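Some notes on the structure that comes next.
Any read-out appearing in this document is the output of simple, stated calculations on the displayed coordinates, not a laboratory observation. For clarity, every value in this text was computed on a predicted model and none was experimentally measured. Here the Cβ positions follow ideal geometry from the backbone for every residue, glycine too, while neighbour counts run over all protein chains shown.
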Amino acid sequence: MKNLIFVLIPLLGTTLGSAVVFILKKDINEKVKKILIGFSAGVMIAAAIFSLILPAIEQAKEMNITNSWIPAAIGFTAGMFFLLIFDSLVPHIHLDDKAEGIKTNLKKDKLLFFSVTLHNIPEGMAVGAMLAGFINDSKISFLALLSLVIGIAIQNFPEGTIVSLPIYANNNNKLKSFLYGFISGIVEPISAILMFFLVNYLNSLLPYFLSFAAGL
């Protein structure tokens, strides 16, 4: 149970960002909004490369897999297809105001809420995978896990703000707007816990995966 704190840290970032609605009186400028999203993207890319992709390649090397980049490449590609499926199904909107997913009559602010919520699912999965690796494999250090969850929490702060403020501009209800931002982050600990148990299950099949990968 003590490790549960790691899956809650990213949610804390979203919660604090959503709470900004209680301080500001109106929606933030579009240029500022784009800067915040760009900052979030930069933090997440750095976290993905240094805390996920590179460690995966290094572990493959330690397992004497000839082409050590292949397992990481397969996982990376599978993750993209996983998100593309959700992207085509869940109604959402990007900053270019182009609605995607199943057609719906939801307003722009609600579509933005779904967009951030959709984005938070793979983040939670990354935390769950790292946590499982930390508990089951000493090669994943505490600092590596901590840097990932803190990095995600930092980039979740502006995301929470970007969700709650536009909703407040439409409904003029700060508490409701805060809850929308908070709920958009709830999917992270849920997906993290699910991924944690999935990785633990797949870990029992590791010898079969290693024998396959060794032949590549």
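Residues in region 191-196 carry Karplus couplings, in order, of 5, 5, 5, 4, 5, 4 Hz; the curve used is 6.51 cos²θ - 1.76 cosθ + 1.60 with θ = phi - 60°, and Gly or Pro positions show x. Extending 7 Å from the Cα toward the beta-carbon at both I70 and A46 defines two label points whose distance is 3.4 nm.
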